[in-house]
Every structure is written in structure tokens, then in C-alpha cells.
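Taking it in order: structure first as C-alpha cells, then the write-up.
The values are calculated or read from the model by the stated rules, or taken from the named source; none is laboratory data. What you see is a predicted model; the values in this text were computed from it and never measured. Using ideal geometry, Cβ is built from the backbone for each residue, glycine included, and neighbour counts are taken over all protein chains shown. Protein only, heavy atoms only, side chains kept; ligands, DNA and RNA dropped before computing areas. Shrake-Rupley method; radii C 1.70, N 1.55, O 1.52, S 1.80 Å.
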Amino acid sequence: MAKKRWYSSKYLLLAGWLLAGSLRATGQVSTADFPLLSKLEGTWRMSTRKSTIVERWSKVNDSTWSGKTWRVIGKDSAVQQSMQVVQRNGEISFLPVYEGGPTGRPIRLRLRVLKPIGFVAEDLNNDFPRKITYRFKDARHLDARVEGTRDGTIEEYIFQYVIVED
């Protein structure tokens, strides 16, 4: 006599769909959480062996944050990217523009998670960046992580910033 399975593939499929739907529902970002981005405000700095990376954020209005990233070597500096986090039409987006990028236009990554400890923005249909994560370790430390694929190679950059006291 064959042992009866306690599961069926159709029930597993149904459970998978329900689980995926619930994960998507819990991952929704509310525009009411937009004020959580106030932790971005200020100048953030990360020192490397050869340079310093500086990122500065400021609030433009109740629906827009604006930022810029520079690489500083000695007395020379070069803008690496400018970015905005905007609240429009019921959603929040992260919009980076990379200097020397192919289009010079913003890439739209939708915020999937926005919590007091940070946010995750992604567009899985975009090559680079595909996912950007900002995580506040505490009031003085911010980790930014940029992930994606360029020319068939997976790339990941991690920036460990410290706030600059004025």
C-alpha cells in the first residue's frame, strides 16, 4: 500500500500565491511615512584610502528630498550623482541621476520599504541600479548599498557614512 501524501502540488501552489500576496501587501509603503526620511538631512562622509565620498541631503518641500554625492581627492571634487526622493501620486520614488550616465535622466526606483531604520528602493527591470538600500545604524551612521548589473557583471557598492557635525 502506497503512503498517502499530506500535501498536493495544487495546494502548495495556492499557498505560494497566498504567501507572495501577503508579502507584497506588507511591503507597501505609505506616503504617511514620508517624514521618516528626515533622518537623511545633513552631510554624510565616508573616507577611503584614496578619497572621501560626501553625500549631502536637504528637504526641498513636504514631498521632495534632494541629495548630491561627491568624490573628493585632495582639493578637487567631482559630483558623482544627484538624487531626489519624491512623493507623487500616492507613491514614493528614489530618483538618481549619474554624472556621465548614458541618458542624463533620472532612473525611477520605487520605495518598497520605508521604516524608521531606513528604506529600500528598487526597479527589478532596471540593470543598474536595480536596488538601493539606506540603513540608519544609529543617529550618526548611515549605510547606503547600491546593487545591479552592468555589462553582465553583478556590482554592489556599500557606503558607510558618518554624519558631519556642523
Semi-axes of the range 22-153 from the Cα gyration tensor (sqrt of 5 times each eigenvalue, largest first, whole Å) come to 24, 18, 14
The FRET efficiency for residue 115 and residue 75, from their Cβ-Cβ distance with R0 = 45 Å and rounded to 0.05, is 0.70
A 1.4 Å probe over the protein heavy atoms gives the range 101-142 a carbon and sulfur accessible-area percentage of 50 percent
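At a Förster distance of 45 Å, what's the computed FRET efficiency of residue 52 paired with residue 124, Cβ-Cβ distance as r, to 0.05?
The calculated FRET efficiency here is 0.90.
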Rounded to the nearest 0.05, FRET efficiency between residue 28 and residue 150 (Cβ-Cβ, R0 22 Å) equals 0.15
Note: residue 135 to residue 164 extended length (0.36 nm per residue) minus current alpha-carbon separation gives 8.8 nm
